Amino acid sequence: MKTYLFTLLLISGASFGQNQLAIPPTIETSNINLTLQEGVTQFYPGINTNTMGANGALLGPTLIMTQGDNVNITVDNQLSDTTTIHWHGMHVAPEDDGGPHSIILPGATWNPQFTVLDKAGLNWYHPHLHMRTDEHVSKGIAGLIIVRDSEEAALNLPSTYGVDEFPIVLQTKGFDAAGEIVVHTELDTSVMVNGTVDAYTDLPAQIVRLRVLNGASQRVMELGFSDNRTFSLIGTDGGLFTAPLSATRYRIAPGQRVDILVDLTTSLGQNFQLMSYGSELPNAIYGAAQPGMGAGATSSLVGYTSNPLNGNDYQLLDITVGAQTASPVLTIPATLANFTPLLEASANITRDLTFTSAGAMGDLMGPFLINGSSFDMSTINYTIPLNNVEIWSLTNQTPISHPFHIHDVQFFILDINGNPPPPELQGFNDVVLVPAGMGNVRFIAQFNDHANDSIPYMYHCHMLTHEDMGMMGQFLVVDPQAGIEELQGENKELIKIVDYMGREVLPVNNTPLIYMYSDGTTERKFHFE
Ligand code: C2O
Ligand code: CU
Ligand code: CU
C-alpha cells in the first residue's frame, strides 16, 4: 500500500502562482547533443524528488529546427537504465524514429541523422522503451521540438522564443509520501507547467503565442482562460491551420499539441489564469468526474475519485500582463498555411482497428487490446507499401476514450462517429481522442518518403499506462522496389529463409523472416510481393 502526499494537492483555495514559470533553454544548431541524466528536482520546497531529464535534471531543451535542416543528434544515455528517444510527430525514417526497437543501453549513445521534412509545427521528444515509457516520461524526460518553415516565416506570427512565443508543457504527476514520482497512478494530483508547480508568468501586452503540449501520462485537459477571454487557435499537432479559429475552450489529450494566439494588446496590468475546465469534460474521458461509461465506471480506477482534479476546474498558469516588448506583433493574420487535405477517394485501403478491454466488462484498468492483441515486439501488425494512402478506422469498444497516436505521419480526420470533424480538428494531427462506447474515428494518411523492411513504426494509445500495458501495435513501411535492387547489387547468394524458430520457410507476406546468405551474413527482412 502506498501512501500519498495529500498535503501537496493543488485544490482550489490553495495558494497559486508562487513559482516563476521555467522556460526550457533552446538548441537551435543542427548538431544536437542530448545527455539523458538522473538528477534531483524540488517541485515543492524542501522536498527532493529524484527525476530524469535531458541536459538537466528535469525535462529537456527545446529543439528549434527549420524545414530542410540536416540534423545530427547525439543522444548520450547517462541513465542507469536502458531507454529510447522518440521524435513524436516528426516524419523521420523508422531507424531514426526512436521507437522501442532503437534501444540505447546505459552509457551508450545513439546518433540519428535526418533531414527535417516537417511543416512548421510543434513536436516533442520522449522515451519509448517497451513497458517503461511512462516511467521515463513521468520521471521527467520530455522536450519540445519547434519546427519552422518559410510559409510560417512569411506570416509574422510571434516567434521569438520566451519573449512572445512561450513553450507550455502541461503535466500532472503523482507523488508518494517520500516525495518520489509515482508511475502508473490515478493520483496524479500535482499540476505543473514546464515542470513548475504553482506557476506564474508575465506576458507582454501584445499578441502572444502559446505552444502547448499535453505531456501528461493520462489526463485530458479542457483549456480556457479564467476571464473567459477568446483566443485564436492557429494550429494543431503537425502544423498551422488554413486560418485562425476563435475559441474559448480547447480540449487537449495526452500527446497532443495546440498553437494558440492570445491578444493581450488591451490587457496591460490584467491578471488571469490559464485553466483546465475539468468540470466541462464529458464523462468517459480521463479527467472527467466519471472516467468511464455506465454505473460504477470509476470503481476499477484506484484513487480516481479521490483525485480533486477529476471533474473539477483547476489552474495551470497564473498570468499577469506586463509591458510590450520592442517590435511587438499586434495583429493576427487572416490566413495561415496552404494545404489540401487528402481525399477519401484517394485511399488504397481501409484498415479497421478495434479497441477492446482484456479485463472484465466496464473495466477501466485494461489492459486494452487492439484487434484482440496486446503489443508484441516480434509481431508486425501491418505492412504498408511505401506511398500508400490509407484510411484507418478506429472503433472503441471500451468504456473510456483513448488518445490514439501513430508514428511517421500526420493524418487528416475524415469523421468522428460519422460526422465531419469540428474545424479545430481539420488540420494536421498525429493523436486523436477516440470516443468511448463504440465511438469511431476515421483518418486518412499517406505513408511516403521512408521505408525499412525490418524496423517498424508504432501506433498506440498515448495514455502511457495503456501503452505500457500493451495497447500498441507496429507497422512496417516497405518499398517493393528496394529488396530487388538490393539483391541484384550484392555478390552473395540467398541460402535459405528461416522463421524465428529457425525453421526453413518460404517467403510469406506479412511476416518478418531471417534471410541467410552464402557469405554467412543474415538479414531480418520482410517479404513483400
Ligand atoms: Cu509520443 Cu509513440 O509516442
Ligand atoms: Cu510518436
Ligand atoms: Cu488508452
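Odds and ends about this structure:
- Selection count, the stretch 83-113, where residues are within 14 Å of ligand 1 (Cβ to nearest atom) and either assigned to a loop (DSSP other than H, G, I, E, B) or touching a Ser or Thr at 6+ places or on another chain (Cβ under 7 Å) (or both): 12
- Test: residue in the stretch 78-97 that is away from ligand 2 (no atom under 16 Å from the Cβ), modelled with pLDDT of 95 or more, on the phi < 0 side of the Ramachandran plot and among the small types (G, A, S): yes
- The residues listed here are D237, D227; of these, the one that is closer than 26 Å to G140 by Cα and either in the same structural domain as M469 (by TED's automatic domain parsing) or in contact (Cβ under 8 Å) with a residue 24 or more places away in the chain (or both) is D237.
- Those residues of the stretch 39-67 which are in contact with a helix residue (DSSP H, G or I) (Cβ under 9 Å, 6 or more places away or on another chain) and not in a strand (DSSP E or B), in sequence order: Q67
- Pair list, Cβ < 7 Å and 6+ apart or interchain, from the stretch 358-372 residues that are under 18 Å from A284 (Cβ atoms) and among the charged types (D, E, K, R) to residues that are modelled with pLDDT under 80 and away from ligand 2 (no atom under 16 Å from the Cβ): D363/S300
- Qualifying residue in the stretch 356-365 (condition: within 21 Å of the chain's Cα centre (by Cα) and hydroxyl-bearing (S, T, Y)): no
The values are calculated or read from the model by the stated rules, or taken from the named source; none is laboratory data. This structure is a prediction, so every number in the text was calculated from the model and none was measured. Because the Cβ atoms are built from the backbone with ideal geometry, glycine has one as well, and the counts that use them run over all protein chains shown.
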